[in-house]
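Student: Mind having a look at this structure? Questions to follow.
The values are calculated or read from the model by the stated rules, or taken from the named source; none is laboratory data. What you see is a predicted model; the values in this text were computed from it and never measured. Using ideal geometry, Cβ is built from the backbone for each residue, glycine included, and neighbour counts are taken over all protein chains shown. Surface accessibility is based on the protein's heavy atoms, side chains included, excluding ligands, DNA and RNA. Shrake-Rupley method; radii C 1.70, N 1.55, O 1.52, S 1.80 Å.
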Amino acid sequence: MIEVKNVSKTLDNMDVLTNVNFAVKRGSIYGLLGSNGAGKTTLLKLVTGILLQDEGDILISHQSVFENPPVKNRIVFIADTLYYFPQYTVKQMANFYRSVYSTWDEKRYEKLKDVFEIDESKKVQKFSKGMQRQVAFWLSFSAMPEILVLDEPIDGLDPVMRRKIKNLIVQDVADRGMTVLISSHNLREIEDICDHIGILHKGEMILEKDLDDLKSDIHKIQVAFKGKTPENLFGNLRVLYKEERGSVLLCIVAGDQEMLTEHFTRSNPVIYDMLPLTLEEIFIYEMGDAGYAIKNILV
Amino acid sequence: MFDLDLRSRKPIYEQLVDKFKELIINDVLQIGEQLPSVRTLAGQLTINPNTIQKAYRELEMQGYIYSIKGKGSFVNESPDAANSEKLKRIKKDLEKLLSEALYLGMTVKELHAFILEIEKSVGGGHIDD
């Protein structure tokens, strides 16, 4: 559905994105993660056709997005800083959306009124940050987009509303095969609904994978031995992190569960524990591998 | 229907597979009974429909359910083939665990007592499989 091929973008003489590749399938929920300033927002602006890439192709259903209204009609983008026309009420904003999106569903808009419980005759800009975000979702879901692009969507929403929004997203994905692209650094928030993950760092995509594969491909292992730890314990495994806590060795290793178990039990450890990683841990260690490590700062 | 632990380290689709297996093995879901549709479950649990599809595919591959196009997924009769496949895997796992237990100093007698204890808690040992 969404294809990004060898895309590069320079803004103000800074290379924001270099040679980024990824694809999002129809009906998939894709989570775009990245360190601060990695280029997430720029990438989303390219995908939605707000900016034009310097190099490469961005295709939606094999068509280029930039300056292509029929394609843009199928996309709704909720940016990280929302914009509403000054003095416009929710109702007036809805009228504007209706005039822009041919897919607008009035019945849906009326139905969602009960979900959000917002007075539609009030001016949007007078609302709080969280309320404005709710209005954005209300309008977006009513526009029935084929592709929903969200930049830091859950910022400023309370837990109940987050759950409601996620539920609406998931239902739209299940019902009509909506495709979703979400950027976030709040990993816990997107861990439960995404199926694919891409990690962006300094303008490059350093990792792109099915979330379940990713989780089953990297493990946290605790081992301890009677006496000394055998030399060359790791062999040629890819070790992302290791730390000795007393006599227990804690390490993060990439590899298949069975293969790792076999590898480690061969050296007869006294303790052997294997835990799947949380997305947060994967992010931290993969980024550490890419030279973006956590350093404890002493002031 | 059931709840998942979204904070758990275990992948959600694995949790789903395990939950359904449990329900099928304990006859909460009976033979021929229809499983909730992907849509319903996604809405109920607020999880990605693709994850549910993946779990259903896995269950089908292991022989616990079968699906009819356009109708949905149903609990399979007796997953014989799947059982033997599963048994093989369990045996392999047990072999690993038992040798570890023996290595760590557990005696055969202790293991035997342990097995009897488990058998009791599972339900008297008269499971006709």
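Residue-wise test of (1) in contact with a Ser or Thr (Cβ under 9 Å, 6 or more places away or on another chain); (2) over 30 Å from A:Thr265 (Cβ atoms); (3) modelled with pLDDT under 85.
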position	(1), (2), (3)
A:Leu139	no, yes, no
A:Pro145	yes, yes, no
A:Ile154	yes, yes, yes
A:Pro159	no, yes, no
A:Leu168	no, yes, no
A:Lys202	yes, yes, no
A:Glu231	no, no, yes
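Student: Filter the range A:98-151 down to residues that are part of a helix (DSSP H, G or I) and of a type outside the set (D, E, K, R), then give me how many there are.
Tutor: 20
Student: Something else now. May I ask you to verify whether B:Leu41 is closer than 28 Å to A:Thr278 by Cβ, at pLDDT 85 or above, at the interface with chain A (Cβ under 9 Å from one of its Cβ atoms) and out of contact with any strand residue (DSSP E or B) (no Cβ under 7 Å at 6 or more places or on another chain)?
Tutor: yes
Student: With farther than 30 Å from B:Lys54 by Cα, open to solvent by less than 70 Å² (accessible area, probe 1.4 Å), without any contact (Cβ under 8 Å) to a residue 40 or more places away in the chain and assigned to a strand (DSSP E or B) as the only criterion, which of A:Leu249, A:Leu233 stands out?
Tutor: A:Leu249
Student: For the structure I just gave you, tell me whether A:Leu207 is touching a residue at least 60 places away in the same chain (Cβ under 8 Å) and crowded, with 23+ Cβ neighbours inside 10 Å.
Tutor: no
Student: Let me ask you something else. Out of everything in the range A:11-42 that is touching a residue at least 40 places away in the same chain (Cβ under 8 Å) and under 18 Å from A:Arg74 (Cα atoms), what residue ends up being surrounded by the most Cβ atoms within 10 Å (Cβ to Cβ)?
Tutor: Looking at the filtered set, the residue picked out is A:Ile29.
Student: While we're here: Does the range A:288-299 contain any residue that is away from chain B (no Cβ under 14 Å) and part of a helix (DSSP H, G or I)?
Tutor: yes
Student: OK, next. Take A:Lys5 and decide whether it is within 14 Å of chain B (Cβ to nearest Cβ), under 29 Å from A:Tyr285 (Cβ atoms), surrounded by fewer than 22 Cβ atoms within 10 Å (Cβ to Cβ) and touching a residue at least 12 places away in the same chain (Cβ under 8 Å).
Tutor: no
Residues checked against (1) modelled with pLDDT under 85; (2) on the phi > 0 side of the Ramachandran plot:
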site: B:Ser78; (1), (2): yes, no
site: B:Asn83; (1), (2): yes, no
site: B:Lys86; (1), (2): yes, no
site: B:Arg89; (1), (2): yes, no
site: B:Lys92; (1), (2): yes, no
site: B:Leu97; (1), (2): no, no
site: B:Ala101; (1), (2): no, no
site: B:Gly105; (1), (2): no, yes
site: B:Leu111; (1), (2): no, no
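Student: When only residues in the range A:164-195 that are small (Gly, Ala, Ser) and either closer than 20 Å to A:Gly39 by Cα or more than 7 Å from chain B (Cβ to nearest Cβ) (or both) count, which is surrounded by the most Cβ atoms within 10 Å (Cβ to Cβ)?
Tutor: A:Ser183
Student: Restricting attention to the range A:121-156, and to residues there that are more than 30 Å from A:Ile60 (Cα to Cα) and hydrophobic (A, V, I, L, M, F, W, C), which single residue is farthest from the other protein chains (Cβ to nearest Cβ)?
Tutor: Restricting to residues being more than 30 Å from A:Ile60 (Cα to Cα) and hydrophobic (A, V, I, L, M, F, W, C), the top hit is A:Val124.
Student: Can you find even one residue in the range B:18-32 that is open to solvent by 40 Å² or more (accessible area, probe 1.4 Å), in contact with a Lys or Arg (Cβ under 6 Å, 6 or more places away or on another chain) and not charged (D, E, K, R)?
Tutor: There is no residue in the range B:18-32 that is open to solvent by 40 Å² or more (accessible area, probe 1.4 Å), in contact with a Lys or Arg (Cβ under 6 Å, 6 or more places away or on another chain) and not charged (D, E, K, R).
Student: Which condition number in (1) surrounded by fewer than 17 Cβ atoms within 10 Å (Cβ to Cβ); (2) assigned to a loop (DSSP other than H, G, I, E, B); (3) touching a helix residue (DSSP H, G or I) at 6+ places or on another chain (Cβ under 8 Å) is the one that A:Met274 fails?
Tutor: (2)
Student: Given (1) touching a Gly at 6+ places or on another chain (Cβ under 8 Å); (2) without any contact (Cβ under 8 Å) to a residue 12 or more places away in the chain; (3) open to solvent by 20 Å² or more (accessible area, probe 1.4 Å), identify the lone condition not met by B:Lys10.
Tutor: Checking B:Lys10 against (1) touching a Gly at 6+ places or on another chain (Cβ under 8 Å); (2) without any contact (Cβ under 8 Å) to a residue 12 or more places away in the chain; (3) open to solvent by 20 Å² or more (accessible area, probe 1.4 Å), the one that fails is (1).
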